[in-house]
Each structure stands twice: as C-alpha cells, then as structure tokens.
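Just below is one structure, and these are the notes that go with it.
Please treat every number below as a calculation from the coordinates, not as lab data. From a predicted model like this one, the values you see are computed outputs, not experimental measurements. Glycine also receives a Cβ, built like all others from the backbone with ideal geometry; neighbour counts cover every protein chain displayed.
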Amino acid sequence: MCFTVAIMKNGVLMTAEQYYNSLPAVIRKKKRNPLQTEIPNFYLVSGFTHPMLPVITDDEMTLKVWGLIPEWTTDRHLAEELQNMTLNAVGETVFEKPSFRRNILSRRCLLPVSGFYEWREFRNAKYPYFVHPKDAPGFLLGSLYDRWTDPLTGEHHDTFSIISTPANPLMELIHNVKKRMPLILDYEAADRWLNPATSPDELKTLIKPYDENRMDAYTISKAAGNPSFDRNIPEILNPVKYSELDTPTLF
C-alpha cells in the first residue's frame, strides 16, 4: 500500500511542469498552468494525518485532503471513520467498491510526489526504505477524488485516495508482506488516466505495476516509522545501511 510520501516542492513542481509540457498544445491551452498552485513541502508525511496535498485533475492543479470521503457519506463521524480506510483504493476492486466505483469513472486525478516510503520486514524487525525515480524529479500517482458536503455545516471537503496495484519485483522485496505498491503512471498513461473520454476497459489496462527498472530505493533511519518523532526534516532522507540486510541490488 502507500501511506507515507515525500512531496518536496521543487521536484513536485518540476514533475507537474514536465507533465503539463508533455501534453499536446491544443490540450495544454485548455488546462490551467499547474505552477499557479501553492505547493506544501513535506520530506515525509503520513496519510493518517490527512494532509492537504497538490493533485492534478483534468483541468487544474489544486489542493485536496488525503483520505477520500465519498459524497454519499451521511455524517461527520462516518466521514472520519472512512478517511482512515480510504487512503488507498485497491486497483483490482476499484470498479466495484461503493467508496470508489463512481469516482473511477469520472473523478480521476494525479498526485505528484518526490517519492514514497515503505517498510520491509526482516527477522521480526521493520526497515524503512525511500523509493524514488531513477531519472526523474518525481512520480505521478494515479488517484481518485471526491467532494463531500457536511450536512450540518454545509462545509465542502475535497479529498482523494491513491490507487494501489500488486508489487513489481523491487517492491515485492521491500514491501514483502502485503506486496503492494502505488499506481505510478508515465506522462502518456497519466494523460489517458485524466482524460474523461477514457473507457473503463482502457482504464483497467493502466492499473498495473510500474517498471522496476525506472525506480530505485535505499534504506533510511528507523525513526521514519516513529510518529512521535518529527520526521518532516531533510535528514530523514539520509541513507542508513543495515549490515543484517542482504540486499546488494538496492545499493
């Protein structure tokens, strides 16, 4: 799954701009320049804190809260319960689950990130990894969004969820228990993902593991898994080697 990401402003802006510039000119003219949106800076942020993050829709880049609240949610208590269960949407069942089946058809978005974090279990201990692109400033994560209106206050809540897929070989080694990873899309696939005209059958072909040869990963401090520690610091990204791990291909 994907519950923890890095969103470093410069890399995310560059990723959004490169995606925007890769679009045909006729499409680009219809979209708002993504650089107009203020981007927060997170070296590490957990979805369980429900941060407001920048997402790209089919016509703009805007901020939405991580943890999707379906528009049919009846009250705030249920909304809070659902948010902790909708940080991710399983790609294999996204067309069936009540929380996502309408959004996958018409409310798709992209989350640009610098990278994401995952934990490997080895001999009853967990080791955190930072996963990042080999030759790009960031990833585009396939996501869904929705808007819920609180019936008591009338307040609008714009939220999103990241799609997950089965792990590729690299992520199978790292996320070696659940063996999942976020849906990562290249620029061409990202534009098809956002295109309202893309059919459900075509969308299903996009929901697949990303090429492991375009990714890299390294181990970092175990402090990354401690929520009582201030993890939103540049040093959290420093490599830390563990002699007990036999993973020569990752270094």
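Treating only the Cβ of Lys, Arg, Asp and Glu as charged (+1, +1, -1, -1), what charge dipole size does the stretch 127-184 show about its Cα centre? Round to the nearest 20 debye.
Dipole size: approximately 360 debye.
For the chain, what does -39500 (n - 2.57) per DSSP helix run (n ≥ 4), summed and divided by total residues, give at 222 nm, in deg cm²/dmol to the nearest 500?
After summing the helix terms and dividing by the residues of the chain, the value is -5000 deg cm²/dmol.
Can you give me the Kirkwood hydrodynamic radius for the chain, using every pair of distinct Cα atoms, in Å to one decimal?
Computed over the chain, the radius equals 18.5 Å.
Out of every Cα pair in the stretch 45-168, what percent are spaced more than 26 Å from each other?
For the stretch 45-168, the share of Cα pairs beyond 26 Å comes to 24 percent.
Work out the length of the dipole vector of the chain about its Cα centre, built from +1 on the beta-carbon of each Lys and Arg and -1 on the beta-carbon of each Asp and Glu, and round it to the nearest 20 debye.
Using only the charged Cβ atoms, the result is roughly 160 debye.
Where in the stretch 116-152 does the amide nitrogen come within less than 13 Å of the point 7 Å from the Cα of Met1, taken along Cα to Cβ?
119
Would you mind calculating the gained length between Val90 and Lys9 on full extension (0.36 nm times residue separation, minus the Cα-Cα distance), in nm to one decimal?
26.4 nm
What is the local net charge at Gly225, summed over the other residues whose Cβ is closer than 12 Å to its Cβ (Lys, Arg +1; Asp, Glu -1)?
Net charge in that neighbourhood comes out at +2.
Suppose we keep just the DSSP beta bridges with both residues in the chain; what percent of those would be antiparallel, to 5?
Around 90 percent antiparallel, to the nearest 5.
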